[in-house]
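The values are calculated or read from the model by the stated rules, or taken from the named source; none is laboratory data. Everything quoted here is computed from the prediction, not taken from an experiment. So basically every Cβ, Gly included, is an ideal-geometry build from the backbone, and we count neighbours across all protein chains shown.
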Amino acid sequence: MRVYPSRSMLAAESFFRRVLKLCDGRPEFIVDKAPWLKQALIHLGLDYHHQAFGERSLAESAFSSLKQRARVFFNNITVNLRYNESMRWSRSIECWNLLCDSSHTTTTT
């Protein structure tokens, strides 16, 4: 998984392409009011339906936990960069991506 510095159709499209490689068949996506998600799904020709409220999936509840942990991580790692917002973001994204890359490159002996 990658962390992107902004919300955009290109980032969403890249994410959906990676998800499709892991899925059998063509999944149906549930989206909220985020226009970049809808645009990416339409561009890829994927099925989706809109659901702003109601029951959420297990993936979304896990993601909310990830968002909370990422917020704590971001606040702790950038404590000395409080007044330089762009440097805070670049440093936190760089650290997150290094963490993700290292988890994929571990080997078992």
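For the range 11-33, residues that are of a type outside the set (A, V, I, L, M, F, W, C), surrounded by fewer than 13 Cβ atoms within 10 Å (Cβ to Cβ) and assigned to a helix (DSSP H, G or I) total 3.
Assess whether Ile93 counts as being at pLDDT 75 or above and either surrounded by 10 or more Cβ atoms within 10 Å (Cβ to Cβ) or under 16 Å from the mean Cα position of the chain (by Cα) (or both). Yes; evaluated as a whole, the condition is true for this residue.
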